[in-house]
1. Going by the structure shown, is Val114 in contact with a Gly (Cβ under 8 Å, 6 or more places away or on another chain), more than 21 Å from Ile27 (Cα to Cα) and in a helix (DSSP H, G or I)?
2. Got a number for residues in the stretch 64-88 being surrounded by fewer than 16 Cβ atoms within 10 Å (Cβ to Cβ) and part of a helix (DSSP H, G or I)?
3. I'd like the full set of residues that are in contact with a Leu (Cβ under 6 Å, 6 or more places away or on another chain) and farther than 14 Å from Ile63 by Cα, limited to the stretch 24-51.
4. Being in a loop (DSSP other than H, G, I, E, B) and under 17 Å from the mean Cα position of the chain (by Cα) is the filter here; which residues of the stretch 118-166 pass it?
5. Of (1) within 23 Å of Leu15 (Cα to Cα); (2) without any contact (Cβ under 8 Å) to a residue 12 or more places away in the chain, Leu122 satisfies all except one. Which?
6. If I filter the stretch 16-53 down to residues being in a helix (DSSP H, G or I), closer than 17 Å to Ala78 by Cβ and touching a residue at least 40 places away in the same chain (Cβ under 8 Å), which single residue comes out as nearest to the chain's Cα centre (by Cα)?
7. Is at least one residue of the stretch 99-109 more than 21 Å from Glu152 (Cβ to Cβ) and in a helix (DSSP H, G or I)?
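Every number in this text was worked out from the coordinates using simple rules, so none of it is lab data. All values derive from a computational prediction rather than experimental measurement. Cβ sites come from the backbone with ideal geometry, for glycine too, and all protein chains shown count toward neighbours.
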Amino acid sequence: MFKEAWSYAWSLYRLRFGSVLLLGLTIAFPIQLLHMLFSGYFYMYFGFVDALWLGDLFNMFLILVFMPLAQVPFIQMALTEYRGEVTHLGDAYRAMLKYMFSVYLFGLIYALSVTFGTLLLLVPGLVLMVLFFAYPYVLVITGRKGWSIWKETYVFAKKHFFKLIAAIVIFGVVEWLIGTLLLFGSLQFTQRYILINFT
């Protein structure tokens, strides 16, 4: 299942590269910029009081709120393509407008739950993160809103728990490696924080 999903995603990425790039620039980049500004503020604030671990906690909270928002148009594009329908870029933007508020509200609850679970002990936070990681996918695919999304997401995650953990770990490690390489590469050319932060 994972291999087929990966090959399908890669072929879709190559087929719709221009659309993916445009969505990345118009939706994902501004969301990432907001995340960077907010997390930078919290790191600066908690750095003054020598509690950077709280900055890390707020950064995790913001990632869990903003990341699902950025995924919505890409989920819609993949869903349209998977159904064999004609893919229009406007559908991805409409999906963003249609589901943005719901994903944001669920994201706040999700982020608070995972952050609180992480504060209790690391394991409850990780379990909650995996169990409800797929909520934007369930919301966009089913088209339903409301609390039934949590139940459907839980049932899906329970059935595919270890596959989700594997996917999260693999993508997390790959993202960390790419980010680290870009960070060290950018440090060779500049010491300006704003440019380094975009890597």
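1. yes
2. Residues that pass the stated criteria total 1.
3. So in the stretch 24-51, the residues in contact with a Leu (Cβ under 6 Å, 6 or more places away or on another chain) come out as 31, 35, 38-39, 46.
The one that is in contact with a Leu (Cβ under 6 Å, 6 or more places away or on another chain) and farther than 14 Å from Ile63 by Cα: Phe46.
4. At the first step, the residues of the stretch 118-166 found to be in a loop (DSSP other than H, G, I, E, B) are 121, 132-134, 143-147, 160.
Scanning the stretch 118-166 gives Phe132, Phe133, Ala134.
5. Every condition holds for Leu122 apart from (1).
6. Of the residues in the stretch 16-53, the ones in a helix (DSSP H, G or I) are 17-48, 52-53.
Add one more test, that the residue is closer than 17 Å to Ala78 by Cβ, and what stays is 17-24, 27-28.
Right, trim to touching a residue at least 40 places away in the same chain (Cβ under 8 Å) and you get 19-20, 22-23, 27-28.
Values: Ser19: 18, Val20: 15, Leu22: 18, Leu23: 14, Ile27: 12, Ala28: 10 Å.
Checking each candidate, the answer is Ala28.
7. At the first step, the residues of the stretch 99-109 found to be more than 21 Å from Glu152 (Cβ to Cβ) are none.
No, the stretch 99-109 contains no residue that is more than 21 Å from Glu152 (Cβ to Cβ) and in a helix (DSSP H, G or I).
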